[in-house]
Ligand SMILES: [Zn+2]
């Protein structure tokens, strides 16, 4: 059975048995929170449970490493939409220990791409168009520094209101324990002072 057919088979019984009823909510985050987290599979259920979040409590944005790689990319846009259109009042950046984006080797990814059929010519063309593939694929060396940087990118974004606290945390991928790296309230106070 393919992965797709497994998903669809489950989905049919999920809908037929009205299992969705326990998840009914609306589009506004009840805890007025937007969370940017890593896509790590260990965090699928662990992260919301460890943060006390139920369906409908937060806007959850995920990518590899919980990063904002570009101030005008889709992650930053999602956070701005969450704040201006969907009543998010605070933002949490949640990275995690043992993240695949730490010390990722861009060259290894490019070698794998070539092994999977992407031609050297394509890489040369992309480089010729000014795309720095190594820089684009690079993750981070230190998770705490990465969280601080991401929080700063969000907080200092020209379209982000100054009164939105942006917190930075690191979650343990086994225990769910959260460490606060940036207290968004403290940042807001010092900014005001
Ligand atoms: Zn990760």
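Of note:
- Residue match in the stretch 99-110 (condition: at pLDDT below 95 and under 25 Å from residue 31 (Cα atoms)): no
- Residue in the stretch 59-82 that is within 20 Å of residue 43 (Cα to Cα) and modelled with pLDDT under 95 present: no
- Meets criteria (within 16 Å of the ligand (Cβ to nearest atom) and exposed (fewer than 11 other Cβ atoms within 10 Å of the Cβ)) for residue 41: yes
- The set of residues in the stretch 87-103 being farther than 16 Å from residue 166 by Cβ and more than 10 Å from the ligand (Cβ to nearest atom) consists of 87, 103.
- Taken over the stretch 15-37, the criterion of being under 30 Å from residue 88 (Cα atoms) and assigned to a helix (DSSP H, G or I) is satisfied by 15, 19, 20, 21, 22, 23.
The values are calculated or read from the model by the stated rules, or taken from the named source; none is laboratory data. Treat the numbers as computed from the prediction; the structure is a model and nothing was measured. Cβ sites come from the backbone with ideal geometry, for glycine too, and all protein chains shown count toward neighbours.
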